[in-house]
Amino acid sequence: MMASPKSNSEVHKRLFLYSHPRTRSNLFMRLLETHPQMVAKQYPFMFAFQAGPEAQWSEEKRALRIQSSHMSVEEADKKSYQAGLDEMEELLAKANEEGKICIIKEHTVHLFESEFVNAKISSPRHGVPRPVIVDRRLDVTNSGEADVPLPVPNPTLLPDRLLASMSPILIIRHPIFAYTSYIRAASIFGGTGIDSEFPLMATYRWQRIIYDLYRDYYDKTDPEGRKHWPIVIDGDKLVEDTKGQMEKFCALTGIDETQIQYSWNASNEPIEDVYRAFVGTIKESTGVIKTPKSSEALNVEEYVEKWTEEFDETVAQRLKEAVEASIEDYEYLFKASI
């Protein structure tokens, strides 16, 4: 586990949270959003990945996603990767003008093209063309600003210079809990745990790829100054010791932790079905909801019995296989967590 960092005088103004479904990322974002200097944008590319004109899902799943969002096909066609990048860059520019800190959150797999994703999983899956994205540099306020070189391969759809300019945060959670929670939530748009998209959402391969990418980059450019980066948050540690985790995070990013609130008012805004499945709990909460922690080591075989009862034997086996295949990557990242 990473040693506790000392306070960092540098304030990191451009943060990117590389998230994974059901890792407590909504809680982490909710905490940061209470900070008066923070502006946030969540999922600039998720809808493009799932239901936009360049969707990386099958046409059947795209149709289900559009239907569950109560959106017309014409409206969905406007949710392109280009639109997502433009909105992200515009917010970065706005935050810079206002002297604020900007955090962008996206599930890591949504940042990869289909060909790259399909090469990393064993399950057969349809391929689609790479999305066409032009970097309009809408976040660049100084026309003479030079691009930051990225001396490592960039497997994402983000421009090299944007990837290099962001301070990376990854969030993980034990796969037993993350993957089970994903299946429950994904059922709202037809996810079953045995479909072709499950392997994309039940792996920490994407998180490790991003971690190794940035570590390689920092080792080549600033090994001492960035020795604690990327920052890795473990979702269960965040619930168990919320303030302690946020203090460590803020020490690394230069953010004033005393400005973060640990309780808030519940949202009264109506939430559509898909979003309720994924963010309903945090939207309706007034603070961190503690969950009982087991002092015993997690045994996947015990959970297979529970999964068989809750879902069925086939789903239970898929969950077991996914958990066992993810343990090495999870433990690798957990050792780097704050």
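No lab work stands behind these numbers, since they all come straight from the coordinates. From a predicted model like this one, the values you see are computed outputs, not experimental measurements. Heads up, the Cβs are rebuilt from the backbone with ideal geometry, glycines too, and the neighbour counts pull from every protein chain shown.
Which one of GLU89, GLU59, GLU54 is surrounded by fewer than 15 Cβ atoms within 10 Å (Cβ to Cβ) and either touching a residue at least 60 places away in the same chain (Cβ under 8 Å) or of a type outside the set (Phe, Trp, Tyr) (or both)?
Sole residue among the options that is surrounded by fewer than 15 Cβ atoms within 10 Å (Cβ to Cβ) and either touching a residue at least 60 places away in the same chain (Cβ under 8 Å) or of a type outside the set (Phe, Trp, Tyr) (or both): GLU59.
Filter the stretch 243-264 down to the residues that are buried (at least 19 other Cβ atoms within 10 Å of the Cβ) and either among the aromatic types (Phe, Trp, Tyr) or part of a helix (DSSP H, G or I) (or both) and list them by number.
Passing the criteria: GLN245, MET246, LYS248, PHE249, CYS250, LEU252, THR253.
Take the stretch 96-152 and flag every residue that is exposed (fewer than 14 other Cβ atoms within 10 Å of the Cβ), within 22 Å of PRO230 (Cα to Cα) and in contact (Cβ under 8 Å) with a residue 40 or more places away in the chain.
PRO151
If you go through the stretch 123-172, how many residues are under 14 Å from LEU17 (Cα atoms), assigned to a loop (DSSP other than H, G, I, E, B) and in contact with a strand residue (DSSP E or B) (Cβ under 7 Å, 6 or more places away or on another chain)?
1
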